[in-house]
1. So what is the calculated 222 nm ellipticity per residue for chain A, using -39500 (n - 2.57) for each DSSP H run with n of 4 or more, over all residues, to the nearest 500 deg cm²/dmol?
2. Starting at 0 and stepping by 5 Å, how many percent of the alpha carbon pairs of region D:14-133 end up in each bin?
3. In nm, to one decimal, how far is the modelled label at residue D:24 from the one at residue D:74, with both set 7 Å along Cα→Cβ?
4. Looking at the square roots a ≥ b ≥ c of the eigenvalues of the Cα gyration tensor of region C:1-132, which shape do they give, rounded for a/c under 1.5, prolate if a/b is larger than b/c, or oblate?
5. According to a simple spin-label model (label point 7 Å from Cα along Cα-to-Cβ), what is the distance in nm between residue A:118 and residue C:9?
6. What FRET efficiency do you get for residue E:166 and residue E:207 if R0 is 30 Å and r is their Cβ-Cβ distance, rounded to the nearest 0.05?
7. Need one number: nm distance between label points at residue E:50 and residue D:450, each 7 Å from Cα along Cα→Cβ, rounded to one decimal.
8. Once you average over the residues of A:265-272, how many Cβ atoms of partner chains fall within 10 Å of each Cβ?
């Protein structure tokens, strides 16, 4: 009986400690950003808003996998708790030396294997193949080059001629020409547009060519179910299609140095006409700056 | 492993024979390298000779020919498998890039002189 | 009971067939295989992925300025040292301590020869000509891999020198124990030779 | 030091050993085991302190750290407020210290060293001097890591993974880190050779491989993992040192522009090469963290269910298979680097395959409870808690192993939750079970069960408060290693979970107070017990408590398997391995 | 609200308080150079050429919305001309004594020099300081800044200031070094220069395009004018006790 009392006492202590944490939990943190971000971001074990055409496939896979995990855990947990209660040591109770022939466990293991094969071969591999190999044709897609650096995302648009200008590391100037665009030497570079925010069209496939100037970053669009490491020395395309307009975030998902956490950019998903207007505005020669 | 003196004397002859073989093969591998078969061919020949030499060293000098201890063989077998994995999988991974991946991030090399006008 | 008496340090285990030291050195060699394996893997990856042109391109034979003659001589030096090493063990096994010791001394001399040749005819002239590890990835790998191999040779030199001079007292206490230790040293030494057998064509010929 | 109080009896037997040789530079596996355990526990405490500091910044970004903020110095903090560089340094060192200086030395160097030779009936490890060297090299490695905090720019701050090129251009602390790692790797190599040779050569007469306790099996496989997986990291460390110190370009591609300056590297290197070599070690390392824990849990469960383990052979085959497969799954850490379809399918498949033996071991341990007689003592509570906690850790690995699901979850807090569930309430609970279980063998006294139960309940609750919210954060898309997640909207929206998690961490820290008290107080005040207080069957309980130098008074001979409990027709419900006949 | 950028750095040497203290110290420490024995050099940084080519553009700062809060636009730092002046003057030209001081002694400056990150710009854009002075770096924004010094001699300081702090700041000690670039790792457009001297004879041109170096002991000097884009010019000047000499520097970037 004494044991039971002490357990109750422990539970009370624990509850008190949890309760002491609750006020802190409720404490709100002021938002750091002045631009309102669209979308819902999970408060309790849910994925963020999905504004992409194909993201639901990944979501489904995650949901099905979690359902499978939950079934396994709950079923297995019921048996576990049953054993803990039923076979506790007490007077008159003895352990059995003989081992049970646990056929169910074999079935369980085979079932786990089969479900895993289904999840892998039936869902994951086709999604992965489509993400990697089914790049939309160049004439249909809106193409942006994304160049990561410590600690900013640089977005490079080809401009009206549709051709990306030549880039040269020696021409990089952190303030005025972070892309190292050869504006003097290459005619295609003259009309290229550089921005620190990502503007993309809605309902049109977008291809982003991800690269990095210095260390490894990771281009992460939570609402688009897109993540791709930005590796220096490589230019890796990813593609997606937005189905909803709004303002969202571009995150860096790979530790890239001291200010990794502030390497955020904004992503504006716009109707094609708005996007064109923005690009036109951006493409104009910069105005003289007057204080 | 037998410790009798007679066995050791036999071993000694094997040692000299292996030494001769190794010396000759060293000359052969240098000689063969002077000819150019093909990129793959040269690598294959040189590595085949090296592997043969290495197995001679392992078998005779390191007494693997007479080694019976299963534990040593197990350790070497496991090590061999992982060695192959370590050698093959990184390069296989890098060679399985999806289409349209480019192995450059600049259009002009860092070390190159500023390029003149070129048409795309 | 004050000092634990460990079985199988000298005599082979009746079932496994080895004494502990020998199994230990083989396991150590297995880990060494993985160590050099990682470097060879890096070599393959970097060579396959090297750009076709530019300063980072893989250099041609002419650009590496590595002489197969010096490399070949060093190969022979190491091969001979392997023979003397195994002969040292064989003589000790046949109870010829003096002869065995001479072979050991010869091994030591050859190992030192290897190091001297490596430094005097390869490393130092390369540095003087401005061919540094940072020159390109070939030289980076060349200096790292041969340097690591050189450190292994140096380790061997220390161990052999130990058994040649202060460590040889063990022979008078327990000749079999001493012979076993020379066998283990030999296994290590042959492995160092074996690594060089691969390094030579990879660095000098391919 | 803990040994010091308990060797009064055999002091006069061997006066030739001075204090230094007996307790500091000892070659006795038990002294070395205790040295490892105490050092590793101190490092665990230190590593946990680091993360408690970090959790303050995460919960209350930009607020000065209470109590200890002023101790952090100028590099890591400003007026007691943690800086991003300080956060990254603490993060990198937390990972490094926990994995390489805490858990592995505790469960391999500590428990492996102390228990394994006893369990196989050996007088000591096969190479006692090597064993001593292994500890002292580890100790030096730990000191290098600690001293690196005082390097200019602070300790290494590129994450415990040290991804190049970031680590190559990082501050000087990274060089210290690499030197420290080389020492730690060397220590592990010496240790693993010793373990394998000891298990192969020094088993007691009659102790076949399939009569070995499961813990010995897990140590055996673990030693192989350490032996063969660590050298590639040593090579990678050498390459990174070359990149940092000699200006080579192993991991540096052409045309790197850092801070607007074209870097002087020739280029031609591959950043992915580092990841391959690193994960070639670090994935097996994950199994180094978990396999001995499974071994300990199996020991405790078999002992306290008073019943043989279900599927012992199956578990042994599973653990061998796990060890083997762990070498060819590493690139599942690299799906997002731009991997193609074929190779990702290969690594995803091996990852799915490797989950099966884990499921088998876990299932076997649970089935072992069926028709048993469960004795709820403190080690058993920790061992039982290990099972669902490890299950959560293992199951959440599933979506991460599927490349498509990994797109969303990679490098988010989901990953943090996943592997912490494996190593914190998994391995560390197993280690607690081990400490409570073998404490009587080491000291001849038991730890206080009431304090132990308080420790267990509080730890169990708060460890879940710490790690469960991480899954919610991860699902919401919050990236790991963020100094201040409220910078992002999706981070701001789940900030409440972060704060709860932080409170959980601090409460978890408080929950360890009963354990620390118990650990030291029981040295003197613990109840004195017999040589075999748990009525166990394995050989370590046949030796006196604490075992003298040389371990066994008479060399034991083994007659039967390791877990002969409740054998029908026996008077007692346990039948030790070394008894020829049951006691009448 | 804009900080008065240029007066802050140039002016402190001319501040009456300092002049008084400096004079006392000078009188006490260096008996040969009493306050009234010193000379001054002043002048302008002038521009000659196609001023229309030197247009200051707005830089894209859309990365961090918190920057926009403090200012509508941020201009690039290239060549900033005071085009209303006639002749046109140049801002951010650093004028300092390059040669001629020899073994002459002068009182060290000890006031902290302030460098503020405000509105996602560095204020001032060219920091000139004496090696005896501490540099204090402040963050006046509701965002994270990470200052990164890229010097040759000094250590490569690289630290972040995630919290707004206009009071305490981070203090740095620097040794003498010609102007070196400083950038913000978070906001790519942010850049400034720091020059550290072993002597107190330097000045930076501001909105007027003028500079003044005071308290010089009489003698022959070589003055150097430095601009981040336009390069350097030198001039030989000889000053006598109590004299104020005018020396202008005319940059002609298009004449090559």
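Each value in this text was obtained by applying a stated rule to the coordinates, not by laboratory testing. Fair warning: this is a prediction, and the values are worked out from it, not measured in the lab. Glycine also receives a Cβ, built like all others from the backbone with ideal geometry; neighbour counts cover every protein chain displayed.
1. Helices in chain A give a 222 nm mean residue ellipticity of -11000 deg cm²/dmol.
2. Once binned at 5 Å, the Cα pair distances of region D:14-133 give 2, 11, 16, 15, 12, 10, 8, 8, 8, 6, 2, 1.
3. Here the answer is 3.6 nm between the modelled labels.
4. Oblate.
5. Output for this residue pair reads 6.1 nm.
6. 0.85
7. The two pseudo-label positions are separated by 9.2 nm.
8. Shielding by partners across A:265-272 averages 1.
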